[in-house]
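Working notes, beginning with the structure itself.
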Amino acid sequence: MFLENTVNQKEQFGWIEVICGSMFSGKTEELIRRLKRAQFAKQKVEIFKPAVDVRYDEEMVVSHDANEIRSTPVPAAANIQILADGCDVVGIDEAQFFDDEIVRVCNDLANKGIRVIVAGLDMDFKGNPFGPMPNLMATAEYVTKVHAVCTRTGNLAQYSYRKASSEALVLLGEVDEYEPLSRAAYYKAMLREKLPQMKVNDPQEIPNKDGK
């Protein structure tokens with residue numbers, strides 16, 4: 001990630017970095033990498049994640065390859081602002097699961113001189129923008145979009161295809177429930193899902209021009 005050198009060194013400011021992409025693209029891995037660098041530099045770092053995310057651990061932020069860093073689970077975005085007082089760097093994982101208040105919280109923290117690093121899915125399993133992520137990406141100074149590798153084509157993947165039959169927007173899962181797909185592979189997979197649901201009339205049931 002390239003950051004411009006500041007012109008006015010006396011200005012006290014922070015900024016927002018967003019790391020987004022599909023599942024299995026390395027979002028959390030990149031978040032952990034940046035936060036550990038800040039910790040090594042003796043900066044005061046706090047990491048938060050939504051309390052609903054207990055897939056690997058109730059308190060640790062854990063990437064798919066088992067890299068981890070200690071975090072504080074919070075039920076709502078408003079809790080972050082209270083707990084982040086006095087920090088130099090704030091990390092937030094799985095931001096798509098937070099309410100829209102997360103956008104205001106991140107901007108308020110940045111305005112107080114804090115570096116805010118946010119990771120989250122940019123699209124849900126239907127291919128639509130996910131929760132507050134679009135607004136976070138719009139207000140961030142730096143946006144990094146990472147990609148997985150498509151399990152069917154080997155090309156870059158940006159979609160999180162849900163293999164499970166649930167229609168719930170939030171469904172925590174791993175490789176048994178999701179796979180990363182490229183645009184073409186995702187389109188074909190979604191088309192295959194729709195074809196069995198299409199009603200096809202028997203040619204004998206279609207009336208002729210005389211209505212018989």
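Read-outs: derived from the displayed coordinates by stated rules, not from any lab. Quick caveat, the model's predicted, so the values are computed rather than measured. Glycine gets a Cβ as well: all are built from the backbone with ideal geometry, and neighbour counts include every protein chain shown.
Structural remarks
- Listed pairs LYS49/LYS188; LYS36/LYS163; LYS36/LYS126; LYS49/LYS145; LYS49/LYS194 exceeding 26 Å between Cα atoms: LYS49/LYS188; LYS36/LYS163; LYS36/LYS126; LYS49/LYS194
- Fewest-first sequence of LEU191, LEU121, LEU181 by Cβ atoms within 10 Å of each Cβ: LEU191, LEU121, LEU181
- Taking each residue as 0.36 nm, the span from LEU83 to THR153 lengthens on full extension beyond its C-alpha to C-alpha distance by 20.8 nm.
- Panel order for PHE97, PHE125, by other beta carbons found within 10 Å of each beta carbon, from fewest to most: PHE97, PHE125.
- Shape call, region 15-146: gyration tensor on alpha carbons, a/c limit 1.5: rounded
- Ordered by the count of other Cβ atoms within 10 Å of each Cβ, fewest first, ARG192, ARG152, ARG115 give ARG192, ARG152, ARG115.
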